[in-house]
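Okay, structure first, notes after.
Read-outs: derived from the displayed coordinates by stated rules, not from any lab. Quick caveat: nothing in here was measured; it's all calculated off a predicted structure. Virtual Cβ from ideal backbone geometry, glycine too; neighbours counted across all protein chains shown.
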Amino acid sequence: MLCESCEKRQATTHIKTIMNGELKEFNLCPECAKKLGYGSFFNNLGFDFDKLFGSFMDGFTTESNAKRCKQCGSSFEDIAKSGKVGCANCYETFYEELMPSIQRIHGRTSHTGKLAHSAGTEVRLRNEISKYKLQLEKAIKEQEFEKAAELRDRIKELEQNSVHGKE
Amino acid sequence: MTEKKNDSLKNVSDVVISTRIRFARNLRDYPFPCRLSNDKKVKVAAIVKDAVLEDHSAISDRFRYIQMSELTQEEAVSLVERHLVSPEFISDRQGRGLLLLDDESVSIMINEEDHIRIQVLKPDMELDAAYDLADKIDTLLDEQLNFAFNDKLGYLTQCPTNIGTGMRASLMMHLPALQESGSMGRIASSLSKLGLVIRGMYGEGTEPGGSIYQLSNQVTLGISEQEAINNLRDIANQLITQERAARAAIIKNISIIDRVYRSYAILHYAKLLSGDECMRLLSNLRLGVESGLFEDVDLETINSLFVEIQPATLMKNIGKKLAPQERDQIRAELVRSALLQKKIPANRRLQ
């Protein structure tokens, strides 16, 4: 499909927007998209799926191309092309393949923050420790040393319970 | 750190219009919406709907369920204009459902990009209150549904840009002076280095109408909800300070003062107002109020006009489809009466 703005180049960006109360959809080439202020979401992040995954795909043998997620049937190529992961299980099936881009998007590779009730006990412990560490930092900064000592003891205790706590 | 200084910025309604917190969640046992058949989408919608409505908590009685495919086009677009759903959500309404709280401060989109998108919207800068409410609803759902969660990657989402907390915190900000001074490009590029992003009024890929921008966190993995919110608040406070300084400078300029007063006059007397023109004039008017040029208009009136003058919301409230010129006429009347309404009681009090 050709770009609807310049009608010359191939359209690669699909835009949905509300104009005058109506939902409008456009297909634009990367140049026009950028000119019109619709820089690709991924380009904004310095993250270009085509290039990134493209260069990955080169290195793959047909065997890994054929690998499919058992739950939803996605191949890694499906994910790379659409930028959409098929299901929760895909993250396990294609963990190695997805990791470099995840790291590029977020700069980090492991979760901190709220946990679902299905989370394991180890991660629960780790999460609690990092929460107390934040509080400890704050207590020290605010010179509340009594509270800081209490927090330090609690962290120590938790770390003894956690096998990987001292990582 | 700058924490102490930031605390002094208490009333920021001259710059911040509203706060939004959004959580992305998915059910473990179903493929993400991009891989979901229509039948399965209907099933997911039913599961989520039941989890919310059949929960016997105080808040569950206050939700109503809307099947998106049953709405008219105006009703659907109006939901976007009121920031209750994303533009993406109404592009294909099959198998999609919406749970809306009675005061419209909470919306739960089902089968948007993820199975569940919990969104809390509050006026002014209310990051903590909005987060607490979103967190509460999420916890309530987590007790009943099996969320897709991985110990290492956190909440799993269809797009890898949302994994981890799955949280997007946004502030809608009015930044006319920074826009006028041509600083937005520079600001946007420096924000991206800090894990934040600034976009137009209706989010991803939209133009900033009326100098209204959305500032949100971009990074969701490896940063806790609280850290992300604190980070957003720090940056927002810096932007507020910059915007105020820029306003103080430009509002001395006679051509800006002229523009503000002209906007005031046109909004009071115009018989036809197009959507774009109206947004621009309202933005100028807001700048005038923020800078103390006039006191007979309040920010709340302008904030609600920003939404009510949008075409689909206009038609929805009138209850029929309108031709563009009819729409412009009704818009002009609406603005005029909203601006006058505030004045009449004040005048009467004076007499």
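Distant-in-sequence amide contacts of B:S18, defined by a placed amide H-H separation under 5 Å and a gap of 5 or more residues or a different chain, comprise B:D124, B:M172.
If only the Cβ of Lys and Arg carry +1 and only the Cβ of Asp and Glu carry -1, the dipole of the protein assembly as shown around its Cα centre is close to 920 debye.
Taking amide H positions as modeled 1.01 Å from N, with prolines and chain starts lacking one, the residues under 5 Å from B:R28 and 5 or more places away or on another chain are B:N146, B:F147, B:A148.
In terms of surrounding Cβ atoms within a 10 Å radius of their Cβ, B:T139, B:T220, B:T161, B:T241 rank from fewest to most as B:T139, B:T241, B:T161, B:T220.
Relative to the longest principal axis of the Cα atoms of chain B, the long axis of helix B:38-53 makes an angle of roughly 80 degrees. Simple point charges give the picture: +1 on the Cβ of Lys and Arg, -1 on the Cβ of Asp and Glu, and for the stretch B:176-258 a dipole about the Cα centre of about 240 debye. Fewest neighbouring Cβ atoms within 10 Å first, the residues B:I318, B:I47 line up as B:I318, B:I47. Legend: distances between Cα atoms for B:K49/B:K320; A:K131/B:K10; A:K131/A:K156; A:K133/A:K156; A:K114/A:K138; pairs beyond 18 Å are B:K49/B:K320; A:K131/B:K10; A:K114/A:K138.
For B:K271, a cut-off of 13 angstrom between C-alpha atoms picks up these aspartates and glutamates, skipping any fewer than 8 places away in its own chain: B:E326, B:D328, B:E333.
Inter-chain neighbour count for B:25-37: the average number of beta-carbon atoms from partner chains within 10 Å of each residue's beta-carbon is 5. The order of the peptides B:92-104, B:18-30, B:125-137 by mean Cβ neighbours within 10 Å, most packed first, is B:18-30, B:125-137, B:92-104. Between the helical axis of B:127-144 and the longest alpha-carbon principal axis of chain B there is an angle of about 20 degrees. For the residues of B:222-228, the average number of beta carbons from a partner chain within 10 Å of their own beta carbon is 5.
Calculated mean residue ellipticity at 222 nm for the protein assembly as shown: -15500 deg cm²/dmol, from DSSP H runs with n ≥ 4 weighted as -39500 (n - 2.57), summed, divided by the residue count and rounded to 500. The modelled label-to-label distance for the pair B:Q73/B:R186, using points 7 Å beyond Cα in the direction of Cβ, is 4.4 nm. Under 5 Å between amide hydrogens, built in the peptide plane, is the criterion, and for B:Q158 it picks out nothing among residues at least 5 positions away or on other chains.
Each of A:K67, B:K41, A:K141 was scored by other Cβ atoms within 10 Å of its Cβ. Arranged with the fewest first, they read A:K141, A:K67, B:K41.
Each peptide among B:228-236, A:92-100 gets the average number of other Cβ atoms lying within 10 Å of its residues, and from highest to lowest they stand as B:228-236, A:92-100. Note on B:N11 and A:E7: with the Förster distance fixed at 60 Å, the Cβ-Cβ geometry gives a FRET efficiency of about 0.75.
Look at the stretch B:211-220: the mean tally of other chain Cβ atoms within 10 Å of its residues' Cβ atoms is 1. Spatial offset of the stretch B:88-146 relative to the stretch A:73-148 amounts to 22 Å, using the alpha carbon center of each.
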